[in-house]
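Here, each number is a calculation from the coordinates, and none is a lab measurement. All values reported here derive from a predicted model rather than from experimental measurement. Neighbour counts are summed over all protein chains in view; Cβ atoms, including those assigned to glycine, are modelled from backbone coordinates with ideal geometry.
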Amino acid sequence: MTEQTIAAIATAVGEAGIGIVRLSGKEAFDIAEKMFVTKRGDSPKSLPGYSARYGRVVDPYQGRTIDEAILLVMRGPYSYTGEDVVEFQCHGGVVVVQKILETALRLGARMAEPGEFTKRAFLNGRLDLSQAEAVIDVVRSRTEESLAVAVDQLEGSLSKRISAIREQLYDLVVRVEAIIDYPEDDIPELEVDEMAEVIRTVIGELERLIATADQGKVLREGLKAVITGKPNVGKSSLLNRLLDEQRALVTDIPGTTRDTIEEVLNLRGIPLRLIDTAGIRESDDVVERLGVERAVQLWGEADLIIHVMDGSVPLSSEDREILARTRDKLRVVVINKSDLPRVWSLDDLDARDLGEAPVVEMSLLEGELTPLVDAVVGLVSKGGIRESTASQAIVTRARHKTALEEAKADLENALETLSMGLPLDLISVGLQGALEHLGEITGETVRENIIDRIFAQFCIGK
Amino acid sequence: MSLHDRYDVIVVGAGHAGCEAGLAAAKMGKRTAVLTLSLDNVALLPCNPSIGGSGKAALVREVDALGGEMGKNCDATLMQGRMLNTRKGPAVQSLRVQLDRKLYQRRMKYVLETTPNLFLKEGLVTRLLVENGHAAGVKLQDGTTLYSDVVILATGTYLDSEIHIGEVRYSGAPQGQRPSIDLARNLRDLLPIVRFKTGTPPRVNLRSLDYSKLSKLEGESPLEGFSFETGSIEIEQVPCWVTYTTEETHKIIRDNLHRAAMYSGAITGPGPRYCPSIESKIVQFPDKTSHQVFIEPEGWQTNEGYLSGLSTSMPTELQVEILRTVPGLENAEIMRWAYAIEYDCLDPFSLYSSLMTKEIAGLFCAGQINGTSGYEEAAAQGIIAGINAVKYLNGEDPVIIPRSQAYIGVMIDDLVTKGTNEPYRIMTSRAEHRLYLRMDNADARLTPLGYELGLISEERYAAFQKKQEQIELEVKRLKETPVGGDTETNIILRRLGTAELRHGVTLAELLRRPEISYAHLGELGELPELPENVRKSVEILVKYEGYLKKQEAAIERFEKMEAKLLPENVDYAGIKGLSREAAERLNMVKPRSLGQAARISGVTPADVNVLIIFLETQKRGGSVDE
Ligand SMILES: Cc1cc2nc3c(=O)[nH]c(=O)nc-3n(C[C@H](O)[C@H](O)[C@H](O)COP(=O)(O)OP(=O)(O)OC[C@H]3O[C@@H](n4cnc5c(N)ncnc54)[C@H](O)[C@@H]3O)c2cc1C
Ligand SMILES: Nc1nc2c(ncn2[C@@H]2O[C@H](COP(=O)(O)OP(=O)(O)OP(=O)(O)O)[C@@H](O)[C@H]2O)c(=O)[nH]1
Ligand SMILES: [Mg+2]
């Protein structure tokens, strides 16, 4: 551990309610000793690993208290990075947190590079691949919701779920292998039904985990919400209102927006990647035409479509076409400009094309945003995206999802092999394959485990 | 030094490892001495008179495919044989044979005696000569010294071995032989040594058994032999017998556990989990009320019988009492006591994959001395050590068979990569690519290598090529021959108990049905005249094609990692980012490839990533530090 002590603000600036400054390295404790006074009066340096103290962060140069805070200490190698680690947790705003960091830097720490804590943890063997990735998610998480998933994963809830699933498989594989490797020992035979039942159960559980992957992705990357509609209906106005800033240009000239504009936004805990697009219409202008093409392409990629229409001008074929072509998507329909006289009614729309989509009539110029936000959030949570986030294991990495899908495919093969009446060693290929794939997520050596378990569970050998 | 005392290769030991090592080196043209404690005990089977079984049978076939002797020796001296696991799939079928112990030894000795370049000698080695870190020869108890640039140690369980029978312990070796004490002391100064133990059951006079209480286990005839040269074996076979221990047996053992050498603390070395003594079985599996006992005859011309399943380190009087409680064995006359044996062996981390020691150039080790257990395991290492000894003398790269190609590769890689803390036994579950490592295709996997090495004769190689050709042609024929769609065929299919065909398919597709065998196809049209082993391979290749294809793809991926070679002289402690444990392990194992490194315990995926980065920076000529 010759590396320099590093320090960084561990919470994203301006987002969380508490601010955390984290230090890792040989001198972390020395630095804490100089800048933290515990309420009890004991010395931070003398604290045992995994303990916390309430107290004050002070600036030793000016002798002033910066803020009240909690000091958390972890001693290497039993810390998150494998090195000595201290954390200052305070409630102060950005300024206070910055001040704490500056003090630590002046006392000898070096500013950490992005992801450096994780890198150290990873390199010191404190994290397996899945955990390391989860941490990177923590670092990057845009909203508290996704933070919760990432933290959860960090604590191994995905690993735990997978381990539990794997246990059932191990039991089966170990029996299969014992029967194969010890043909002359009287190990009870396996019944086809019994095997099929276990395999089916495991497949079911894998499916449930895989199903969370889409949610996981959403939580990690944000829900892709595409704003679309014909020109001049108020799409850019909608983006600006939701962001509460003049991000996109708004004019009364149709075709103002010609390229996509993307912004990230936290809508009551749901991370959205909000995308404003060019208004849909036939155009001779090359640039605009490209923009329209791009917009149409985005419909396909969208997790959610916000279709804006103008209630103050007659319905056009574009309005109808958009409605028809986005039928399969999660959608909110906004009928804008309700401050102006309404020239068409909902009945003028094709009911089948409209489907179940919630309709919000509003004025982006002067109306309240709440009904729109309610509609979006309601839609997303009805889609099952929100509820399950609280404390459940969720698959957030594409790599994990792939591994789970491969495990599932292997088990399906095993099941098919089994149902075809083929012998054990062929069934075993799928079973072991599935175990190996699940092992990829947590980095476990499957083969040795199987052998150890054979000996632990069966009385074999002469 | 006379020419007389000078050899190219000296093999210490004429057990299963030593015999194969000596034969391989001699056949590859090297003047080879094979030394043994006693010429009367060449290729001794000190435990059960049986070879083969799950995993082990594949090893025997592999040794044979490379040109080794074990398979042929079994085929020539067996008394019974059975194919195990026939219903559990193509990859795990395994032959197991009962041998006439004496015949086995006699034939192997004769083969050694008649092999050109091979000099079989009695003599007890007391010291290894090492000059400047290179093997130089051996000193014998009789005062002579033999010189060579390569020494292969294949000394089995004899190194400072100690026999335990209950409270009694004495310095001794299997079958009343001498232990090898001076050599053991000498090796302790040279190499990292550990102490292992194993045990063997009592032998009884077969006339004293009550056969009415035993069930009979017959062999199979005709039997397909181990060797690809043998073909089918049709001899009169002897049966084995089966009985079971009783609650009473278990009670005696439980009440007297403190008297077993294994539990009294007299033995400290770990024993093999897969060859547990009856006392360990009872301690470990208290709920099992009875354990199987096989009674195996030891030869045509002897009445000795081996009690498989009753290995014990109990004192003699309890051995008698234990047998009294086993149905059929109540009045058994014990001829040899069961005993446990403790012995020195190498920590296999001290070996390269070539089986040469890292410390002493030119010193190879094979067999039980490397921490394994079992005749087949020993023979398989023996042939590799013999081959690589010659490669070393010729200044050529060693032969390292990848895990994906043979159980031999799996075993050696396990040993040198993971080490072992108990006597190591091969198991099919240890192999990642079991479907490919079958008995039936061992020749396809290894005979080209054996031929290239000069261990396979022209004649045999021609036969091998013919076989491969026959297989290929017949597979092709099956894939191209249409069948079905007519009522006549459907009548036959119905009779065979399989679904009718509404339209035509190929014979290959039909064969893929689980209930259809290759022989069944004969009912639908004439089958070409082909040897049984060709038919068998064809059946497997066609029936399981989909599975085999997938395995091939997996092997390809696996071999990619194996092909990422690590430089030989790296100090892993100097690589930033590796955990200390990983660096230590890597320095100890000195893996050849990234694939091997990843298998070392204590090397985490994170460490592997660091190694990948390291390789990358090396490739770019950069330094390892930031
Ligand atoms: C009691 C007992 C129980 C066993 N139980 C089992 C079991 O349950 N399952 C199983 O799979 N295997 C068992 N085995 C192991 C099996 O016998 C061995 O694994 C196998 O024989 C090892 O072969 P090898 O060639 O390495 O050595 P060995 O067959 O032991 O041959 C060693 C050779 O080295 C020679 N030698 C030794 N020292 C010297 C010297 N200093 N100078 C000259 N020559 C020397 C000996 O004469 C002998 O020829 C058991 C062995 C014993 C003794
Ligand atoms: N009266 C009224 N005018 C609105 C409302 N919302 C938007 N507008 C006006 O409509 C015009 C177009 O608004 P934008 O937000 O630029 O419309 P857009 O859909 O982005 O248009 P393009 O980018 O051209 O496709 C502007 O002049 C807005 O001020 C509303 O609710 N009521
Ligand atoms: Mg716009």
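Taking H placed 1.01 Å from N in the peptide plane, check which residues at least 5 places from residue B:137 or on another chain put their amide H under 5 Å from its amide H. For residue B:137, whose amide H was placed from the backbone, the distant partners under 5 Å are B:129, B:148. Net charge dipole, segment B:203-340: roughly 640 debye, given to the nearest 20, about the Cα centre with Cβ charges of +1 for Lys and Arg and -1 for Asp and Glu. Projecting the Cα atoms of B:13, B:65, B:518 onto the dipole axis of chain B, where Lys and Arg carry +1 and Asp and Glu carry -1 at the beta carbon, places B:518 farthest toward the positive end. The label-point distance for residue A:164 and residue A:361, in a model that sets each label 7 Å from Cα toward Cβ, rounds to 4.9 nm. Taking every DSSP bridge with both residues inside chain B, close to 75 percent are antiparallel. Couplings for segment A:299-305, taken from phi via the Karplus curve 6.51 cos²θ - 1.76 cosθ + 1.60 with θ = phi - 60°, read 3, x, 8, 5, 7, 8, 10 Hz in order; Gly and Pro are left as x. Legend: calculated FRET efficiency, residue B:87 to residue B:300, from the Cβ-Cβ distance at R0 = 30 Å, rounded to 0.05, equals 0.45. With Cα atoms as the point set, segment B:455-569 shows a radius of gyration and Dmax of 19.0, 71 Å. Relative contact order, whole percent, for segment B:459-552 stands at 29, derived from Cα pairs under 8 Å and 6 or more residues apart. Annotation note: chymotrypsin sites (Phe, Trp or Tyr not before Pro) in segment B:293-344 located in DSSP loop regions with a Cβ neighbour count of at most 15 within 10 Å are B:300.
Considering only the Cα atoms of segment B:203-340, their convex hull presents on average a projected area of 10.0 nm².
In terms of surrounding Cβ atoms within a 10 Å radius of their Cβ, B:506, B:114 rank from fewest to most as B:114, B:506.
Each peptide in A:323-334, A:284-295 gets a packing score, the mean of other Cβ atoms within 10 Å over its residues, and the list from highest to lowest is A:323-334, A:284-295.
Exceedance of the 24 Å cut-off in Cα-Cα distance is limited, within the set B:139/B:590; A:39/A:99; B:88/B:549; B:56/B:466; A:160/A:408; B:27/B:391, to B:139/B:590; B:56/B:466. The relative contact order of chain B comes to 16 percent, based on Cα pairs under 8 Å that sit 6 or more residues apart. Measuring nothing but alpha carbons in chain B and taking Rh as the Kirkwood radius, the Rg to Rh ratio lands at 0.99.
For each pair in A:235/A:329; B:72/B:197; A:401/B:543, compute the distance between the two Cα atoms and list the pairs where it is over 22 Å. Beyond 22 Å between Cα atoms: B:72/B:197; A:401/B:543.
With q set to 0.17 Å⁻¹, the log10 of I(q)/I(0) for segment B:446-520, from the Debye formula over equal scatterers at the Cα positions, is -0.69. Treating r as the C-beta distance of residue B:251 and residue A:452 and R0 as 30 Å, the FRET efficiency rounds to 0.50. Annotation for residue B:465 and residue B:177: the two label points, set 7 Å from Cα along the Cα-Cβ direction, are 4.1 nm apart. Summary of the geometry: segment B:121-139 and segment A:411-435, compared by the centres of their Cα atoms, lie 52 Å apart. Please compute the modelled spin-label separation between residue B:576 and residue B:287, points set 7 Å along Cα→Cβ, answer in nm with one decimal. That separation, rounded to one decimal, is 5.5 nm.
Ordering A:60, A:96, A:70 by Cα displacement along the dipole of segment A:6-112 toward the positive end leaves A:60 in first place; charges were set at the Cβ atoms of Lys, Arg (+1) and Asp, Glu (-1). Note on segment B:1-58: Kirkwood hydrodynamic radius from all Cα pairs is 13.0 Å, rounded to one decimal. Under the convention that each Lys and Arg Cβ holds +1 and each Asp and Glu Cβ holds -1, the size of the dipole of chain B around its Cα centre is about 700 debye. The mean sequence separation of alpha-carbon pairs under 8 Å and at least six residues apart, normalised by the residue count of segment A:223-382, gives a relative contact order of 24 percent.
Peptide B:425-434 has a mean shielding of 5, counted as Cβ atoms of other protein chains within 10 Å of each residue's Cβ. Stokes-Einstein, applied to the Kirkwood radius of the protein assembly as shown over Cα pairs at a viscosity of 1.306 mPa s and 10 °C, places its translational diffusion at 46 µm² s⁻¹. How big is the antiparallel share of DSSP beta bridges in segment A:223-382, given as a percent to the nearest 5? For segment A:223-382, the DSSP antiparallel bridge percentage is about 30.
The residues B:94, B:277, when put in order of fewest to most other Cβ atoms within 10 Å, stand as B:94, B:277.
The aspartates and glutamates whose alpha-carbon is closer than 12 Å to the alpha-carbon of residue B:550, local same-chain residues fewer than 8 away aside, are A:410.
Note on the protein assembly as shown: antiparallel DSSP beta bridges, both residues inside, total approximately 70 percent of the bridges counted.
So, R0 is 56 Å and r is the distance between the beta-carbons of residue B:488 and residue A:324; what FRET efficiency does that work out to, to 0.05? Using R0 = 56 Å, I get an efficiency of 0.45.
For the segment A:418-429, counting C-beta atoms of other chains within 10 Å of every residue's C-beta and taking the mean gives 6.
Among B:587-596, A:432-441, B:146-155, the peptide with the highest mean count of other Cβ atoms within 10 Å heads the list, and the full ranking is B:146-155, A:432-441, B:587-596.
Here is how the number arises for chain B: DSSP H runs of 4 or more residues each give -39500 (n - 2.57), the sum is divided by the residue count, and the result at 222 nm is -11000 deg cm²/dmol. At q = 0.10, 0.11, 0.17, 0.18 Å⁻¹, work out log10 I(q)/I(0) for segment A:6-112 with the Debye formula, treating every Cα as an identical point scatterer and leaving solvent out; two decimals please. Rounded to two decimals, the profile gives -0.23, -0.27, -0.68, -0.77.
For residue B:106, put the label point 7 Å out on the Cα→Cβ axis and report which residues of segment B:51-93 keep their amide N under 17 Å from it. Counting backbone N atoms under 17 Å from the label point, the list is B:73-80.
For segment A:223-382, treating each Cα as an identical point scatterer without solvent, what Debye log10 I(q)/I(0) comes out at q = 0.13, 0.16, 0.18, 0.19 1/Å? For segment A:223-382 at q = 0.13, 0.16, 0.18, 0.19 Å⁻¹, log10 I(q)/I(0) is -0.54, -0.85, -1.12, -1.27. Other protein chain C-beta atoms within 10 Å of residue C-beta, averaged over B:80-90: 4. Go through B:153, B:80, B:608 and say which Cα lies farthest out towards the positive end of the charge dipole of the protein assembly as shown; charges sit on Cβ, +1 for Lys and Arg, -1 for Asp and Glu. The residue sitting most towards the positive pole is B:153.
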